[in-house]
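For reference, the structure discussed in these notes is given below.
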Amino acid sequence: MSLWLSNVDDDLTPRAPLESDLDVDVAIVGAGYTGLWTAYYLTEIQPSVRVAILEAEFAGYGASGRNGGWCSALFPQSLSALSHRYGQSAALSVHRALQSTVDEVGRVASVEGIDCHYAKGGTIVLVRNQAQWTRARAAVAETPGLSLLGAAEARAICGATSVLGATYTPDCAAIHPARLVRGLARVVARRGVRIYEGTRATYLTRGAVHTAHARVRAPIVVRATEGYTARLPGYRRALAPIYSLMTATEPLPAAAWDAIGLRRRETFSDYRHLIIYGQRTADDRLAFGGRGAPYHLGSAVRPSFDRVPAVHRSLADTVRELFPVLGDVAFTHTWGGPLGVARDWAASVGLSGGLAWAGGYVGDGVGTSNLAGRTLAHLITATDSELTRLPWVGHRSRRWEPEPARWLAINAALRVMAHADTVEARTGRPSQQAAALHRLLGN
Ligand SMILES: Cc1cc2nc3c(=O)[nH]c(=O)nc-3n(C[C@H](O)[C@H](O)[C@H](O)COP(=O)(O)OP(=O)(O)OC[C@H]3O[C@@H](n4cnc5c(N)ncnc54)[C@H](O)[C@@H]3O)c2cc1C
């Protein structure tokens, strides 16, 4: 269990499974943020709409109950990659939509009484060697609202070691992710949305979702299965599940927080290639995560993959190196989960021939899934809006390579990123290999 699911404000008792055939207007597969936000906005627009959500485990079982709690305006593709593909104005429209999404999540949480510990303190991304400066300056040049901080300003926010500077954006809230997803499930259930837990969809067809025991007929079927998508027949090469792992400390004393800072619960990271991310929780723990866990052959997803002792040790070492004040503080929780990654690294949302989908958020799904849910609700109800004209709507990535090429390529890319960080820390020069890889990935 993630830290978040272990201390969430309900007991996770599963709702009843689907026992017999059902007819509804919209059938959603997956009760994470994507499925639940879609149901939420559908019922806003059409209170009488009949919606059923089928969830293999329980609401929030997936990444939505396990993530780093950055509700940000980040998108898997950089603004320059989006501009290159769609033009600058379209790219900026995605960025603006995501900026307002951060506030929208806070607004709904407040209106619906979901206490998800929302604190909009922004994000600080530290610069900790000369090579990282190059990426920080490039990010500031292309991103509206992102500012460059000198060493003293940066350290005043986040008292990590080796800080040369940082970038700061106000567009991020730290949240308790499981409180948000469990709260959303309660809200939509109160509105009459039927959530069937312990109910795995075995395959999807136009007009129906099939399970081992029953079938849900619906003119609109929504696939909201993100990192678990590859298990569904017909979608095995759609999204690769890449694992992100996390750890959390016990609550830290005030003296430790005096040294670390993060007084407004700013989320934090640095400009290394192999991503790390952290937040100060509402109960004063450090929750910290990163990539580096292996990709598994055949896009396999198993609970045993959530824990990789070497990666969890390395995360604890990294956070101790950032904040030596942690000393021998206990790490009380370790967990992980799969992200959904499209072959072209592009998130997308769409509706075609009665089948709707959203996903491919990589590590940026907390905010993006809200935008996706609103957009899907507009597409399904044929509501004309700016959201349905955003360039990610209807985008389709090419499929991943068949195995074992996919396994070889993804794990090689992870190794290149880790190696590039080591070389950059030693030489201070930006890694050409990593830059080439980013270009290849289109981000
Ligand atoms: C460790 C970690 C840290 C992360 N940190 C951040 C972060 O800080 N900020 C950020 O923006 N993003 C982060 N992410 C990504 C973010 O959590 C996800 O993008 C987001 O939660 C995706 O929501 P979702 O509803 O699409 O998918 P999920 O939450 O994964 O939900 C999919 C659901 O579908 C169910 N399901 C799958 N297949 C079936 C089936 N066949 N039948 C029925 N049900 C099915 C699953 O059980 C699951 O509950 C992180 C992810 C991880 C794993």
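Brief remarks on what is shown
- Within the chain: Cβ-based charge dipole about Cα centre, in debye rounded to nearest 20 (Lys, Arg +1; Asp, Glu -1): 1060 debye
- Phi-derived couplings, Karplus 6.51 cos²θ - 1.76 cosθ + 1.60 at θ = phi - 60°, listed residue by residue for segment 308-320: 10, x, 5, 6, 5, 5, 5, 5, 5, 5, 5, 6, 5 Hz, with x used for Gly and Pro.
- For G165, the amide hydrogen comes within under 5 Å of the amide hydrogens of V127, counting only partners 5 or more places away or on other chains and with H modelled in the peptide plane.
- Loop-resident sites, segment 334-443, for trypsin sites (Lys or Arg not before Pro), counting at most 13 other Cβ within 10 Å (DSSP): R396, R398
- Computed 3J(HN,Hα) for segment 132-146, one whole-Hz value per residue from the Karplus formula 6.51 cos²θ - 1.76 cosθ + 1.60 where θ = phi - 60°, is 5, 4, 4, 6, 5, 5, 5, 5, 5, 5, 9, 10, x, x, 9, glycine and proline marked x.
- Dipole of segment 13-57, positive end: most advanced residue of V51, L22, Y33 [Cβ charges, Cα centre]: Y33
- Surface exposure of the chain, expressed per residue as accessible area with a 1.4 Å probe, stands at 39 Å².
- Percent carbon-and-sulfur accessible area, the chain, ignoring ligands, DNA and RNA, probe 1.4 Å: 55 percent
- Distances between placed amide hydrogens fall under 5 Å for T202 paired with H210, T211, A212, all partners being 5 or more residues away or on another chain.
- Residue-averaged 222 nm ellipticity for the chain, from DSSP H runs of 4+ at -39500 (n - 2.57), nearest 500: -11000 deg cm²/dmol
- Eigen-decomposition of the gyration tensor built on the alpha-carbon atoms of segment 90-203 gives equivalent ellipsoid semi-axes of 36, 16, 15 angstrom, largest listed first.
- The alpha carbon centroids of segment 125-147 and segment 316-363 are separated by 21 Å.
- Under 5 Å from the amide H of I53 lie the amide H atoms of I28, R194, I195, Y196, each residue being 5 or more positions distant or on a separate chain, with H modelled from the backbone and absent for Pro and chain starts.
- FRET E, pair R236, Q433, Förster distance 35 Å, beta-carbon r, rounded to 0.05: 0.75
- Highest-first arrangement of 105-117, 178-190, where packing means the average Cβ count within 10 Å: 178-190, 105-117
- Considering only L184, W345, C71, the residue lying farthest towards the positive end of the dipole of the chain is W345, judged by Cα position with unit charges set on Cβ.
- The distance from the alpha carbon centre of segment 385-443 to that of segment 252-273 is 28 Å, rounded to a whole number.
- For the chain, Kirkwood radius (reciprocal of mean inverse C-alpha pair distance, Å): 22.0 Å
- Applying the Karplus relation 6.51 cos²θ - 1.76 cosθ + 1.60 with θ = phi - 60° to segment 45-51 yields 3J(HN,Hα) values of 6, 10, x, 8, 4, 9, 10 Hz, where x marks Gly and Pro.
The values are calculated or read from the model by the stated rules, or taken from the named source; none is laboratory data. No experiment lies behind these values; they were computed from the predicted model shown. Virtual Cβ from ideal backbone geometry, glycine too; neighbours counted across all protein chains shown. The accessibility values were calculated without ligands, DNA or RNA, using every heavy atom of the protein model including side chains. Shrake-Rupley method; radii C 1.70, N 1.55, O 1.52, S 1.80 Å.
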